[in-house]
Amino acid sequence: PDVSVVNSSVSGHEGGDISVQCLYSSGYINEVKRWCRYKDQSCYTVGRTDTSHNSSVQISDDGESSFTVLMTGLRPNDSGWYFCSVGKQEAPVQLNVT
């Protein structure tokens, strides 16, 4: 696949943080990398590489084949489905916060 994730299910504790590593193929090096939340059949961007960082979501791109999403200060209502997104390609991740 053009985009994939190392772990498709991650767990964290309230107030803690999690990181997700997203992998992409070489054709997507110059594309914007996004982390979006799936809700109501749409994907809402919560972080991306080309804009200033959301204080609780940071994305770091290695410029070669992967980017890492760091979510801090987790809350229970952060639980749900997210996507690593590059171009029009997406890979799902389920987050569970306890």
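Per-structure values
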quantity	calculated
Members of the range 52-90 that are among the small types (Gly, Ala, Ser) and on the phi < 0 side of the Ramachandran plot	52, 55, 56, 60, 65, 66, 79, 85
Exclusive hit being of a type in the set (Ser, Thr, Tyr) and closer than 19 Å to residue 10 by Cβ, set 55, 60, 26	60
Given (1) under 14 Å from the mean Cα position of the chain (by Cα); (2) modelled with pLDDT of 95 or more; (3) of a type in the set (S, T, N, Q), number of the condition residue 25 does not satisfy	(1)
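The values are calculated or read from the model by the stated rules, or taken from the named source; none is laboratory data. This structure is a prediction, so every number in the text was calculated from the model and none was measured. Don't worry about glycine lacking a Cβ; one is built from the backbone with ideal geometry, like all the others, and counts go over all protein chains shown.
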